[in-house]
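Contents: one structure, followed by commentary.
Throughout, read-outs are computed from the coordinates displayed, never taken from laboratory work. Keep in mind that this is a model prediction, so the values were computed, not measured. Methodologically, a virtual Cβ is constructed for each residue, glycine included, from the backbone with ideal geometry; neighbour enumeration extends over all protein chains shown.
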Amino acid sequence: MGAQKYGKIGGLEFAAVRVKCASMTDVSTLFDAAVIGGGPAGLAAAISLAQTGARTALVARRAPYADNRTTALLGASVDLLESLDVWPRCQDKAAALEVMRLVDDTGRLFRAPEVRFSCHEIALDAFGYNIDNRSLMLALEERAAELPGLVRFDDEAENIVVGADDVAIRTASAQFLSARLVVGADGRHSLCREAAGIEVTRRELAQTALTFNLGHARPHRNVSTEFHTPHGPCVFVPLPGDRSSVVWVSAPAEAERLAGLSDEDLSAAIEKQSHSILGRMNVAPGRHLFPLAIERPKSFARDRIALVGEAAHVIPPIGAQGLNLGLRDAADIARLAGDAIAAGQDPGADDVLKRYDRARRPDILSRTFAIDIANRSLLNDFLPLQPVRAVGMHLLGAIGPLRRFAMREGLTPTWRR
Ligand SMILES: Cc1cc2nc3c(=O)[nH]c(=O)nc-3n(C[C@H](O)[C@H](O)[C@H](O)COP(=O)(O)OP(=O)(O)OC[C@H]3O[C@@H](n4cnc5c(N)ncnc54)[C@H](O)[C@@H]3O)c2cc1C
């Protein structure tokens, strides 16, 4: 069996052994890459890695997706999901996004004019597609289960120890595996990030997002509308049919109050907030609350561990950027690790991780900064930013080339085109 020792964890000797995996095939547990966490970013990373030919482990509990969030997948994210053979499995559950309206609903002195972005102005059929996360996750899970090079551990990582040549992982049910590269897709309280000793700065925002879906009397015509209120955005994003998903950001106590309303009262409250642009509204069952925060790790990769998704960035839900960034993380680590393996090199080597950090840093930091500023400019505590915001929105509305640049940049950063 030739077990290799890695040290001791909590008095347990930590070693790579051979185990029967989910497929009941006897395989070695030394992988090229192990992805920890099976949210949308982790599943996309695992599929991308396995498709490059990397022997990949996915350590993630199989569980039904727990909330009713939807994701506005922008251009390149849809291309990635196409290349992973995921998009054809769920595209019928998605609605096209052709127009994005930003409406200043702050009622303040320095009110910005409405800005309307149309995909046709930059010769596209759609900016992207809005899909409920449950359908997206089902499609990702289905594709992941098909790939022979992807071994699933239906489990949680409990201990992660970085060694000189690989990383050893012990799961909650005492399975052991090791990998030359670990992809930390384990969300906000990332054990992988902790194992790599990567510090994170975290700022809690005094804002909570309430999410729910609804039906409405008038068609949305594939227009997404973002009302900017003094407490944060309230966003209506098209779903198939005469339905939309709503992300309503407000002060935490107000979000709790709204979440506790009867269906009838919440329907009336959201219709009022929408200025009845979609006519009469009826909320569907299911409401979820998300306290908002901004998290930024000092590094995106270190000691054989690369971070993707919310382990690498937490931002408020403005401009639909979070998972779009997470999918770019997944694509980048898979490309860099795949290239290293193809060249006979170690996918977890320092130079691969440095390249990953360099590739992700400008994208993640620039978007975190822009979204932080956009969010702050709405709040009462940041009055000096409001005239600046109003002027910025006016310029976007009035200057075609600037507006088109903003649209292209919102979809894909310049350096990736
Ligand atoms: C209200 C709201 C609306 C949003 N709208 C959009 C949008 O329109 N467009 C967009 O791009 N983004 C959007 N986002 C952001 C997007 O939802 C997140 O970026 C995305 O869900 C994060 O996915 P993830 O896979 O990184 O993390 P998660 O979904 O949190 O997945 C992490 C997974 O890791 C697992 N895990 C944790 N620890 C371990 C362990 N030790 N071992 C094994 N597994 C572990 C967890 O159980 C979980 O399943 C929105 C966010 C919010 C809050």
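Below is a table of values for the structure above.
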{"item": "Tensor-based shape of segment 313-361 (alpha-carbon gyration tensor, a/c under 1.5 rounded, otherwise prolate or oblate)", "result": "prolate"}
{"item": "q = 0.14, 0.22, 0.25, 0.33 Å⁻¹, segment 56-98: log10 I(q)/I(0) [Debye, one scatterer per Cα]", "result": "-0.46, -0.98, -1.08, -1.13"}
{"item": "In order through segment 195-201: 3J(HN,Hα) via Karplus (6.51 cos²θ - 1.76 cosθ + 1.60), integer Hz, x for Gly, Pro", "result": "4, 7, x, 8, 6, 10, 9"}
{"item": "Burial order of peptide ranges 178-188, 342-352 (average beta-carbon count within 10 Å, highest first)", "result": "178-188, 342-352"}
{"item": "Distance in nm between pseudo-label sites at residue 188 and residue 217 (7 Å out along the Cβ direction from Cα)", "result": "3.8"}
{"item": "Nearest-20 debye value, segment 175-331 charge dipole, Cβ charges on Lys, Arg, Asp, Glu", "result": "460"}
{"item": "Gap separating the Cα centres of segment 26-70 and segment 273-330, nearest whole Å", "result": "19"}
{"item": "Extension reserve of the residue 85-residue 63 stretch, reckoned as 0.36 nm per residue once the Cα distance is removed", "result": "5.7 nm"}
{"item": "Residues with amide H under 5 Å from that of residue 73, placed H, sequence gap 5 or more", "result": "129, 130, 131"}
{"item": "Ordering of 157-169, 270-282 by packing [mean C-beta count within 10 Å, highest first]", "result": "157-169, 270-282"}
{"item": "Estimated distance in nm for a label pair at residue 339 and residue 124, the labels positioned 7 Å out from Cα along Cα-to-Cβ", "result": "2.5"}
{"item": "Potential lengthening between residue 156 and residue 142 on full extension [0.36 nm per residue; Cα-Cα distance subtracted]", "result": "3.1 nm"}
{"item": "Straight-distance crosslink candidates among aspartates and glutamates, where the alpha carbon sits under 19 Å from residue 298 and sequence neighbours closer than 8 are dropped", "result": "186, 194, 199, 204, 310, 329, 332, 350, 351, 357, 363, 372"}
{"item": "5 angstrom amide H check on residue 151, placed H, neighbours 5+ away", "result": "56, 57, 58"}
{"item": "Cα-derived Rg to Rh of segment 195-334, Kirkwood definition", "result": "1.06"}
{"item": "Convex hull volume of segment 166-211 per residue (C-alpha atoms, cubic angstrom)", "result": "114"}
